[in-house]
Every structure is written in structure tokens, then in C-alpha cells.
Amino acid sequence: MNANTEQLRAREAASLMHTYARQPVAFASGEGAWLTDVGGRRYLDALCGLSVTALGHAHPAVADAVAAQARTLLHTSNLYFTEPQIALAERLGATLGWSDARAFFCNSGAEANEAALKLARLHGKRRRPDAVEVVALSGGFHGRTFGALLATGNPDKHRPFEPLGDWVVHVPHDDPAALDAAVGPRTSAVLVEVVQGEGGVRVVPPEVLRAARAACDRVGALLIVDEVQTGLGRLGSWYGWQTALAGRPVEPDVVCLAKALANGLPIGAIVARGEAAKVFEPGDHATTFGGGPVVCAAALAVLDVIEREGLVERAARVGATLARATTDLADRHGVVLGGRGRGLLQAVTLTEPCAPAVVGAALDAGLIVNAVAPDAVRIAPPLTVSDDEVEQIVARLDTALGAVGGRSST
Ligand SMILES: Cc1ncc(COP(=O)(O)O)c(C=O)c1O
């Protein structure tokens, strides 16, 4: 650790709550897929924050949109109309292909899920007063606020904060029959991810999504797909559910978004269609900052770039290359089990719980990745990553795995 970082570490320890076990590096700037630390060393960013900076760092289109909007109008509250918010809602509806879409904007992924859960609660109670339950998947991650935390399928995260309530039922992420059995007249919504990002980059089988849609239709509940991590092109389709259910006319009622939407500025959104789009009425839900002109201008710039540069198709193509390369690493390193994921959300799976060591060795090799499970290393580069940068990601990972495994066959 260089002297500048050491100083920052000491100041951080004294001044900030100890909620993060940070890596021993402090970044000063970024450009495209590259970050530069306070000592001037460059790193290849194959994580994008946590799947956030999908256009890379300091994208000029986003920077220009933010600067122009900040100079024009930065905040008004939601008591008034502002054009960027309306334009963003229209654009998101178009990317979903929903002519009757309506959006609600907030500030984070957790807030998006909270909004979706509140919407489902109102919708359910209109059907019958006790239709307040939610069915979610074990291993799912939906955020740290109380409702989103309860929906998160990880008991270890619940325990310190209990009681959280008892209105969420969890079923295994890969068992359509269990999901079907859990949905009944008291269910207001089924909440799922398409690929469980924080849960270890675990792909939810399409049969589970199909079972979720059928079960919701059976009882009149809403299907909410949490696309906070998977949405906006990362999986090689605008939304993960589109890839998962290719060729099948199965759609969610509500989609939750955040992370990549403004390429790093705090924004969250839910977009609903049909009956679900009309549930909220004035007073039901609100936010001071959500949908402000600057973040919406940034998000509009993000959508422009994704469309103009064909980044959805690019994520599918480059993601396939990356997936092949990560599974190839298994031939070269005894410590690698294989790879899993979809598009540009991939993980290298390991035979031992040594992911933190691999992440540390990758940092030494100038590569940013993270341990998404003790035995899985997540790779989520920007959608703009070049073919050459993908090769460099794989080469640096190869170095890191060699350093950790000591069992490399080459
Ligand atoms: C699928 C999913 N939902 C929700 C969240 C929570 O988002 P935030 O940290 O912006 O509240 C995350 C964060 O990793 C996520 O991956």
C-alpha cells in the first residue's frame, strides 16, 4: 500500500463507521475501463463499481449531460413537472416494449424494491385484505433497507436485525414446483432476479421464471423482476428476463432498476405495465430526490449511448467470449472449477473458498474483480470493454489464479 493510501486508511478508520472491509487501494480517477489510484498506478476495472459504470468511467456523454443539466436546473422536488424525468420514463417504457408502462423514480436499488413491494402490497390488498405475502428466492439479494432485507434470501443478513416481519416466504432458486406450492391466495407478489448477482452470479433457471409467471396469474399476484444488477444490457438483452425467456411470451408486471441507469449517479426506478402501472395514487409513495433533473439527464445519456453504440448486442458477443475464456481457465488451473453467468455478468467458480485471495492477487496484477461468494469471483466489466481489454482481463486473472492456486498445469 503506498503512503497516500496508508494515510487515507488511517483517516477513514477514525472518521467513518466500519461498514466496509475495503481493498487496500484508493482511486483518484478513471477513464473507460481503467482506474488510476492515488499513487498513479492503473488498474483494469472488470467490476464497474458493482455492475454500475456500464459505459466505463468519465464517459463524455454522461459528463456533458450532467454538467449541462446542473447548470440549467438541478432540483425542484416532485411537486412540479420536470421534462427529463418524463422523458426518461418514456424511454424506459420503450426499451421494455410496453406501450402502457409507467415509472416511479427513486435513488437506489433497495429503494426500487421497496417501492415495488409497497405497490404489490396495495395491489394485493385490493384483491383481499390479507394478500400481503411475497414469495422470493433463497440466495436472492434485494438491498439493505428493512423490506428489501427481509426479501433478501440470506438468513445471515437477517439475523442481527430481527424481527423483520414474516410476510416473505423464500423458496430455492432452482425449484419451480416449490415456488408454485408457495404461491397462494395471500400472495401479493413473487420477487425474483434472473441471475442472482450478489448471491454468487447464480443463473435462475427459466423454468422457475415461467413457474413464477404462471403462479402469479393463478392467484392474481404481481411478478416483480429485480433487474437492478442485470438490467440495461448487461446480460446481452435490454432486460435479463428477455434472454431467459427468449421466444416465450412471459413478462413481469414490474421491473426494478438502479445501478447502471445513470452510470454511477444514484438513481433507482420501477417500471410497471397494465394494472400494476396504475396502483399508486398521490400520497401512496414519494421521495425528495428521486427522479431529479440531473440524474434523469444522465440516464437519458446512458440510454442514448447504449442504443447508439449497440452495447446490448456487444454485451452478448463479448460476454460469450468472456464465458469461454473463464471456463478455459479451468483447464489451466486446478483451483478453477469453471464459470457461470450470462452476458457480461460472469463468475469464475473455484474448488476451494479462496475467492478473496484471488481478488487480492488480481489487484496485485492490476485487475479489479470481487469475491461474490467464498468460492466465486465476479467479472462484470463495462459494456464498452474492448476485445483487447477482455484479453487483458483474462491474462491478469490467469496470473492471479496462478499465484493463488500454485497448482497451475502450465
Ligand atoms: C439485484 C439487486 N437488487 C438490489 C440491490 C440493492 O441496490 P442498492 O445497493 O443500490 O440499494 C442490489 C445491489 O447489489 C442488487 O444487486
For the chain, what is the calculated [θ] at 222 nm in deg cm²/dmol (nearest 500), taking -39500 (n - 2.57) for each run of four or more DSSP H residues and dividing by its residue count? -12500 deg cm²/dmol
Could you tell me the relative contact order of the chain? Use alpha-carbon pairs under 8 Å, at least six residues apart, and round to a whole percent. 21 percent
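Compute the Cα gyration tensor for the range 1-117, then decide on rounded, prolate or oblate, letting a ≥ b ≥ c be the square roots of its eigenvalues: rounded whenever a/c is under 1.5, prolate when a/b is larger than b/c in the other cases, and oblate in all that remain.
On the way: a/c = 2.14, a/b = 1.89, b/c = 1.14.
Because a/c hits 1.5 or more and a/b exceeds b/c, the range 1-117 counts as prolate.
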The extension gain from S29 to R127, computed as 0.36 nm times the residue separation minus the Cα-Cα distance, is 30.1 nm
Which chymotrypsin sites (Phe, Trp or Tyr not before Pro) does the range 1-101 hold that lie in a coil by DSSP with at most 13 other beta carbons within 10 Å? Y20, Y80, F81
Relative contact order as a percentage, the range 147-231, C-alpha pairs under 8 Å and 6+ apart, gives 29 percent
Projected convex hull area of the range 251-331, Cα atoms, direction-averaged, in nm², equals 8.0 nm²
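Based on Cβ point charges of +1 for Lys and Arg and -1 for Asp and Glu, what charge dipole magnitude is obtained for the chain about its Cα centre, in debye rounded to the nearest 20?
Numbers: 37 positive and 44 negative charges, 91 e Å.
Dipole about the Cα centre, nearest 20: 440 debye.
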Give me P(r) over the range 194-282, computed from all C-alpha to C-alpha distances, binned every 10 Å, as integer percentages. 17, 47, 30, 6
Listed residues P374, S77, L344: farthest to the positive end of the dipole of the chain (Cβ charges): S77
Which of L79, L367, L300 moves most in a GNM of the chain, Cα contacts under 10 Å? L79
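Between E12 and A320, what is the FRET efficiency for a Förster distance of 41 Å, r being their Cβ-Cβ separation, to the nearest 0.05?
Values: r = 40 Å, r/R0 = 0.97.
In this case the efficiency is close to 0.55.
Hey, with R₀ at 56 Å, roughly what FRET efficiency would A214 and A3 work out to, going by the Cβ-Cβ distance, to 0.05?
On the way: r = 60 Å, r/R0 = 1.07.
The computed FRET efficiency comes out at 0.40.
Using only Cα atoms, what Kirkwood radius does the chain have, in angstroms?
21.9 Å
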Extended-chain gain in nm, criterion 0.36 nm per residue less alpha-carbon gap, E352 and V169: 62.8 nm
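Evaluate the relative contact order of the range 11-109 (contact order divided by residue number), counting alpha-carbon pairs under 8 angstrom at least 6 apart; express in whole percent. Before the final figure, lay out each step's value.
Working: 57 pairs, mean separation 13.7, N = 99.
Result for the range 11-109 is 14 percent.
How much length, in nm to one decimal, is gained on full extension between A58 and S386, taken as 0.36 nm per residue of separation minus their Cα-Cα distance?
Working: separation 328, 0.36 × 328 = 118.08 nm, distance 1.61 nm.
Answer, rounded to one decimal: 116.5 nm.
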What residue among A110, L257, A87 has its Cα farthest toward the positive end of the dipole of the chain, where the charges are +1 on Lys, Arg and -1 on Asp, Glu, each on the Cβ? A110
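Where a number appears in this text, it was derived from the coordinates with a stated rule and is not lab data. These numbers come from a predicted model, not from an experiment. Ideal geometry is used to build each Cβ from the backbone, glycine not excepted, and the neighbour counts take in all protein chains shown.
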